[in-house]
Amino acid sequence: MAVTHTTATRNALAEAVRTAANTGGTPVLNIHQTSGDTLLASISLAVFGAASSGVITSVSSGNADSSANATGTAAYARVNRNDGTEVFRGAVGVGAGEVQISSTSIATGDTVTLTSNVTWTAPT
């Protein structure tokens, strides 16, 4: 039998992550390439809202970095507190992945735009 969590437990987990992400102000999304862990772009997020069914959401679709830091292929993103402390990370993609952006091929100076909101989902 697999371990499962009640909705109340999933909401409590999500609220803990929300508190961590929102501590100190608005969280920041840092987009990296795997090779060398190079920071490609940083996008300011809206604070994460209250948990619902174990999910928290930062309504940030359309937020952008207007001048990417480096050239590379985006592979993952870190959601950091305002002070730079990492809270969680996820895969980056176009139309797929936990973080969806306009293009995973990024060149220095490019505009990198979120094409969906950023969410965190507690395990079921």
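Can you spot a residue in region 80-98 that is open to solvent by less than 50 Å² (accessible area, probe 1.4 Å) and in contact with a Leu (Cβ under 7 Å, 6 or more places away or on another chain)? No, there is no match, as no residue in region 80-98 is open to solvent by less than 50 Å² (accessible area, probe 1.4 Å) and in contact with a Leu (Cβ under 7 Å, 6 or more places away or on another chain). Scanning region 4-27 for any residue that is surrounded by 18 or more Cβ atoms within 10 Å (Cβ to Cβ), outside any helix (DSSP H, G or I) and within 14 Å of the chain's Cα centre (by Cα) turns up at least one such residue. Selection within region 28-46: residues that are outside any strand (DSSP E or B) and within 12 Å of the chain's Cα centre (by Cα). The member of this set that is farthest from Gly93 (Cα to Cα) is Ala46. Within region 65-75, how many residues turn out to be under 17 Å from the mean Cα position of the chain (by Cα) and open to solvent by 50 Å² or more (accessible area, probe 1.4 Å)? Residues that pass the stated criteria total 1.
Considering (1) in a strand (DSSP E or B); (2) more than 12 Å from the chain's Cα centre (by Cα), the lone condition that Gly95 does not fulfil carries the number (1). State which residue is nearest to the chain's Cα centre (by Cα) when the search covers only region 47-62 and only residues that are closer than 11 Å to Val79 by Cβ and part of a strand (DSSP E or B). Taking the candidates together, the pick is Ser58. Going through (1) within 15 Å of Gly84 (Cα to Cα); (2) loosely packed, with under 12 Cβ neighbours inside 10 Å one by one, Asn30 falls short only on (2).
The values are calculated or read from the model by the stated rules, or taken from the named source; none is laboratory data. Everything quoted here is computed from the prediction, not taken from an experiment. FYI the Cβ positions are ideal-geometry reconstructions off the backbone, even for glycines, and counts take in every protein chain you see. Surface areas here come from the heavy atoms of the whole protein model, side chains and all, with no ligands, DNA or RNA. Shrake-Rupley method; radii C 1.70, N 1.55, O 1.52, S 1.80 Å.
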